[in-house]
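Structure first, commentary second.
The values are calculated or read from the model by the stated rules, or taken from the named source; none is laboratory data. Predicted model, so just to flag it, every value in this text is computed and none were measured. Here the Cβ positions follow ideal geometry from the backbone for every residue, glycine too, while neighbour counts run over all protein chains shown. Just the protein is used for accessible areas: all its heavy atoms, side chains included, with ligands, DNA and RNA removed. Shrake-Rupley method; radii C 1.70, N 1.55, O 1.52, S 1.80 Å.
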Amino acid sequence: MNKPLGISRAIALLGVPLVLLITFTHYPLLQSVVSSFWSKGTKIRPSKFIGLDNYAKLFDDPVLAKVMWNSLIYAAVTIPVTVALSIAMALLVNSKLPGRALMRLSFFLPTMLPMIAVANLWLFVYVPGYGLIAQVMIWLGLPDINFLGSSETALWAMMVVAVWKEAGLFMIFYLAALQSIPQNLKEAAVLEGAGKARVFRDIVWPLLAPTTVFVAINAMLNAFRVIDHVVAMTNGGPNNASALLLFYIYQVAFGFRDFPYGATLTVLLAGILGLFAIVQFKLLDRRTHYQ
Amino acid sequence: MTQRGASLQVAGLKKAFGPTSVLKGVDFSIEPGMFLTLLGPSGCGKSTALRIIAGLEPADAGTIRVDGQDVTDIPSVQRNIGMVFQNYALFPHMSVQQNILYGLKVRRTPEADRRRALSRVADMMGLGNLLDRRPGQLSGGQQQRVALARALVSQRPLVLMDEPLSNLDAKLRTEIRAEIRELNQRLGLTVVYVTHDQSEALSMSDRILLLNNGSAVQFGSPQDLFNTPATVAAARFIGTPPMNVISGENAPESLGRLSVHGDAKDLLIGVRPEDLSLETGAADTRIEAEITGWEYEGNNTLVKLRTSLGEAVTLSQKRQDMPERGTRVSLGCSLHALRLFRKTDGTALDKP
Ligand SMILES: Nc1ncnc2c1ncn2[C@@H]1O[C@H](COP(=O)(O)OP(=O)(O)OP(=O)(O)O)[C@@H](O)[C@H]1O
Ligand SMILES: [Mg+2]
């Protein structure tokens with residue numbers, strides 16, 4: 001059983017994943033870092049080494065500032081809302097209400113749809129004049145709002161879509177976590193005089209912490225990673241009001257074909273995501289292990 | 001430190017889960033400070049009864065009175081009952097100290113009182129140097145003590161314990177058993193204790209309620225249950241090894257001498273293994289049997305026998321020299337050690 005592996009076999013076993021990782025993850029990232037030190041090449045002026053100029057440019061790029069701000073708001077709002085909503089749905093679905101199988105299905109349904117389909121669905125909801133919301137507003141005698149078309153509401157309209165789509169998935173994780181909390185812990189708290197809210201605050205919520213950290217990581221990653229709905233619904237507009245960081249990278253690199261600056265932004269994004277990962281693994285290690 | 005226990009009366013307690021009837025009308029009543037054990041085989045409804053008393057489960061019928069007050073319909077919070085759960089139910093994310101003080105914190109007991117209560121139970125349970133640990137960092141016995149401390153810190157007059165020692169090894173079990181019994185006597189609190197271990201029940205209790213299939217078989221002191229089992233089921237459940245129950249036809253002439261009316265074949269004779277002897281001296285009654293084997297247990301030896309009617313009988317004796325397997329013997333026994341039961345329904349006849 002414990003016979004040591006031959007060195008050649010060990011290299012072969014390590015080699016395959018290593019080659020794949022290097023080819024598709026490390027090398028492109030390294031390539032991005034390298035090309036972020038070069039200028040954008042044109043027909044007449046070939047690309048040349050410019051050191052940290054691209055990074056200096058980050059600081060006085062007003063679009064980047066706007067996009068970072070958007071991403072920040074997007075993360076700061078969608079993460080807690082998603083966590084709260086998915087816990088609420090999990091609690092509802094975990095109770096002994098009639099029809100909970102149907103509820104589980106309907107809460108989970110949005111998660112199974114591809115983002116593009118979800119975006120299209122919500123386009124119909126948001127469309128001014130005859131969309132679902134517009135019809136309700138008109139019926140109530142309220143003014144019609146172009147949710148996706150105005151810079152005050154576009155980002156928020158998209159956050160609603162993201163939450164709607166993601167909460168169902170996170171509900172499943174919370175449901176599993178809820179069902180693994182022993183019933184008698186709650187009963188012990190009740191016998192000690194705790195009411196429903198108190199039991200949730202003192203027992204259920206702390207025991208859900210590992211799930212919450214996991215959900216927060218994923219919601220955070222999604223906030224910086226998902227652009228399908230931006231592309232499908234607003235294309236970042238109006239006036240970059242709904243553009244997120246990854247969407248901006250996509251625009252710079254493939255829209256304006258400024259690959260070096262796109263690479264610089266990519267390095268920025270990779271740095272941000274790496275930072276989140278470190279912080280959250282630290283959190284997971286320190287705070288949420290009880291055994 | 002003295003504290004008065006509560007009395008507890010349970011009458012006509014019924015509970016069904018769907019089509020299965022789990023409790024079929026259970027009654028008992030205990031005085032303040034008593035130690036009551038609910039005893040019975042697995043699945044007989046002990047935990048269900050305890051949970052209904054605690055208010056964690058509603059009863060279908062019946063009343064529960066604590067200190068004379070009807071608590072059947074009031075929520076568990078207001079019943080003022082402490083409980084030790086079968087597998088401790090300690091809060092894994094709280095330290096030992098937070099676990100113990102949780103109830104006092106919820107009920108907003110003043111800080112000074114809390115500190116005093118903590119040091120009292122921590123001393124009592126020997127938890128002084130474990131207060132900052134998490135339950136996951138404790139041994140089973142230590143967790144047990146924390147669970148007991150949590151149930152005792154509030155000084156509630158009635159404490160329920162659901163098989164609290166089932167996960168411990170034999171040595172720790174006897175230790176904590178004595179500790180619980182001592183607490184009950186020293187603090188004067190009323191304890192309702194659940195177990196399926198009859199020797200635990202005999203050694204700890206003031207009263208035992210023997211349950212079988214959701215019905216009370218017998219309610220009485222440990223001596224009552226041991227000496228005068230109310231049914232064949234009770235006789236076969238209590239004692240290690242349990243009472244021998246054989247057909248009356250094995251000793252018809254002694255039944256005659258007991259002047260019991262009715263046919264010997266309609267009766268069952270119960271006799272404890274300790275009351276049988278292999279000696280050939282004077283005995284009130286004799287049962288013919290053949291030795292089929294024996295088990296050496298250290299302080300005594302169990303002799304396995306078969307009567308002439310083919311029924312298995314066990315005899316327990318101090319002597320260690322053993323007649324050979326296959327030897328025919330006649331087992332002696334005094335008349336007053338015999339218990340008689342009806343074959344039809346298993347109930348005991350009046351003590352001869
Ligand atoms: N919530 C429930 N739903 C359905 N049946 C239940 C429920 N709780 C208990 N039962 C059934 O009721 C019967 C008695 O259960 P209970 O837990 O009271 O047994 P017990 O005497 O405590 O047994 P043990 O010694 O194994 O703990 C069992 O047959 C069990 O299957
Ligand atoms: Mg039980």
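Per this entry, residue B:293 is not counted among residues that are out of contact with any Pro (no Cβ under 8 Å at 6 or more places or on another chain) and open to solvent by 30 Å² or more (accessible area, probe 1.4 Å). Note on region A:139-151: residues that are free of Cβ contacts under 8 Å to residues at least 12 places away in the same chain and either of a type outside the set (Gly, Ala, Ser) or in a helix (DSSP H, G or I) (or both) total 4. The set of residues in region A:15-33 that are exposed (fewer than 13 other Cβ atoms within 10 Å of the Cβ) and in contact (Cβ under 8 Å) with a residue 24 or more places away in the chain contains only A:31. Residues that are in contact with a Gly (Cβ under 9 Å, 6 or more places away or on another chain) and polar (S, T, N, Q) were ranked within region B:156-194; the one that is surrounded by the fewest Cβ atoms within 10 Å (Cβ to Cβ) is B:185. Scanning region A:232-255 for residues that are at pLDDT 85 or above and either open to solvent by 10 Å² or more (accessible area, probe 1.4 Å) or part of a helix (DSSP H, G or I) (or both) gives A:245, A:246, A:247, A:248, A:249, A:250, A:251, A:252, A:253, A:254, A:255.
Checked against the criterion of being away from chain B (no Cβ under 14 Å) and at pLDDT 85 or above, the candidates A:207, A:284, A:221, A:268 yield just one match: A:268. Determine if region A:127-138 includes at least one residue that is of a type in the set (Phe, Trp, Tyr), assigned to a helix (DSSP H, G or I) and farther than 26 Å from residue A:197 by Cα. No, region A:127-138 contains no residue that is of a type in the set (Phe, Trp, Tyr), assigned to a helix (DSSP H, G or I) and farther than 26 Å from residue A:197 by Cα. Selection of region A:200-231 for residues being in a helix (DSSP H, G or I) and closer than 21 Å to residue A:113 by Cβ yields A:215, A:218, A:219, A:221, A:222, A:223, A:225, A:228, A:229, A:230, A:231. Taking the criterion of being open to solvent by 70 Å² or more (accessible area, probe 1.4 Å) and either touching a residue at least 24 places away in the same chain (Cβ under 8 Å) or not aromatic (Phe, Trp, Tyr) (or both), the residues of region A:57-69 that qualify are A:57, A:60, A:62, A:66.
Take the conditions under 19 Å from the mean Cα position of the chain (by Cα), within 16 Å of ligand 2 (Cβ to nearest atom) and touching a residue at least 12 places away in the same chain (Cβ under 8 Å) and apply them to residue B:212. Does it pass? Criteria met by residue B:212. Among the residues examined, residue B:197 does not qualify as among the charged types (D, E, K, R), within 12 Å of the chain's Cα centre (by Cα), in the same structural domain as residue B:79 (by TED's automatic domain parsing) and more than 12 Å from ligand 1 (Cβ to nearest atom).
Looking only at residues in region B:136-155 that are open to solvent by 20 Å² or more (accessible area, probe 1.4 Å) and facing chain A (nearest Cβ under 10 Å), the one that is nearest to residue A:188 (Cα to Cα) is B:154. With respect to being of a type in the set (D, E, K, R), within 16 Å of ligand 1 (Cβ to nearest atom) and farther than 23 Å from residue A:188 by Cβ, residue B:14 fits the description. Residues that are more than 20 Å from residue B:131 (Cα to Cα), more than 8 Å from chain A (Cβ to nearest Cβ) and open to solvent by less than 20 Å² (accessible area, probe 1.4 Å) within region B:80-114 are absent altogether. Just to be sure, is residue B:279 surrounded by fewer than 15 Cβ atoms within 10 Å (Cβ to Cβ), of a type outside the set (A, V, I, L, M, F, W, C) and touching a residue at least 40 places away in the same chain (Cβ under 8 Å)? So residue B:279 passes the test.
The rows are residues; the columns are (1) within 16 Å of ligand 1 (Cβ to nearest atom); (2) at pLDDT 90 or above; (3) farther than 23 Å from residue B:212 by Cα.
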{"position": "B:35", "(1), (2), (3)": "no, yes, no"}
{"position": "B:59", "(1), (2), (3)": "yes, yes, no"}
{"position": "B:67", "(1), (2), (3)": "no, yes, yes"}
{"position": "B:94", "(1), (2), (3)": "no, yes, yes"}
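Scanning region A:173-199 for residues that are more than 13 Å from every other protein chain (Cβ to nearest Cβ) and either outside any helix (DSSP H, G or I) or open to solvent by 20 Å² or more (accessible area, probe 1.4 Å) (or both) returns A:173, A:176, A:179.
Let's see how each residue does on (1) within 14 Å of another protein chain (Cβ to nearest Cβ); (2) in contact (Cβ under 8 Å) with a residue 40 or more places away in the chain; (3) open to solvent by less than 30 Å² (accessible area, probe 1.4 Å):
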position	(1), (2), (3)
B:6	no, yes, yes
B:16	no, yes, no
B:36	no, yes, yes
B:42	no, yes, no
B:71	yes, no, yes
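The condition of being within 16 Å of ligand 2 (Cβ to nearest atom) and farther than 10 Å from residue B:88 by Cα holds for only one of B:160, B:138, B:130, that being B:160. Taken over region B:219-244, the criterion of being within 23 Å of residue B:316 (Cβ to Cβ) and part of a strand (DSSP E or B) is satisfied by B:231, B:244.
Looking across region B:44-69, the residues that are open to solvent by 30 Å² or more (accessible area, probe 1.4 Å) and within 16 Å of ligand 2 (Cβ to nearest atom) come down to B:47, B:51, B:56, B:57. Is at least one residue of region A:70-91 open to solvent by 50 Å² or more (accessible area, probe 1.4 Å) and more than 24 Å from residue A:212 (Cα to Cα)? Scanning region A:70-91 turns up no residue that is open to solvent by 50 Å² or more (accessible area, probe 1.4 Å) and more than 24 Å from residue A:212 (Cα to Cα).
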